[in-house]
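Asks: After the structure tokens below, expect a handful of questions from me.
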Amino acid sequence: MKDSAIVICRCEEVTLEELTNTAKEYKCSARELKLRTRAGMGYCGGRTCRFAIDAILMEATGNQTPDQIPLKYQPPVRPVSFQTLGGGCHE
């Protein structure tokens, strides 16, 4: 397997080559790279690949500092109140 075929985002099956080529072609931010490739938008919400994507972006574009708008991750589940779950307790 070539290094460029390594899958960085397992949820969306985005490869190192795809990320590198997109970052070089568009000179994009982490957010734009995410939107163009869907990396970090899968089931885990970027918790697994976020730091690798940031590192690839910095290497491909030559920036030594993180983006002004860093790639963030969001948990796949939203908080729900106990009242919503139980329908409320009525005595």
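The values are calculated or read from the model by the stated rules, or taken from the named source; none is laboratory data. Note that the structure is predicted; figures quoted are calculated from it, not measured. Here the Cβ positions follow ideal geometry from the backbone for every residue, glycine too, while neighbour counts run over all protein chains shown.
Asks: Out of all the residues in segment 32-74, which are farther than 21 Å from I6 by Cβ and either touching a strand residue (DSSP E or B) at 6+ places or on another chain (Cβ under 8 Å) or at pLDDT 85 or above (or both)?
Replies: E32, L35
Asks: Take R10 and decide whether it is under 13 Å from the mean Cα position of the chain (by Cα) and on the phi < 0 side of the Ramachandran plot.
Replies: Against the criterion (under 13 Å from the mean Cα position of the chain (by Cα) and on the phi < 0 side of the Ramachandran plot), R10 qualifies.
Asks: Mind checking whether some residue in segment 5-22 is modelled with pLDDT under 85, part of a loop (DSSP other than H, G, I, E, B) and touching a Lys or Arg at 6+ places or on another chain (Cβ under 9 Å)?
Replies: Looking for residues that are modelled with pLDDT under 85, part of a loop (DSSP other than H, G, I, E, B) and touching a Lys or Arg at 6+ places or on another chain (Cβ under 9 Å), one finds none in segment 5-22, hence no.
Asks: How many residues does segment 13-41 hold that are surrounded by fewer than 18 Cβ atoms within 10 Å (Cβ to Cβ), charged (D, E, K, R) and farther than 11 Å from A60 by Cα?
Replies: Qualifying residue count, segment 13-41: 5.
Asks: Hey, does segment 75-88 have a residue that's out of contact with any strand residue (DSSP E or B) (no Cβ under 8 Å at 6 or more places or on another chain), at pLDDT below 85, closer than 26 Å to D3 by Cβ and among the hydroxyl-bearing types (S, T, Y)?
Replies: no
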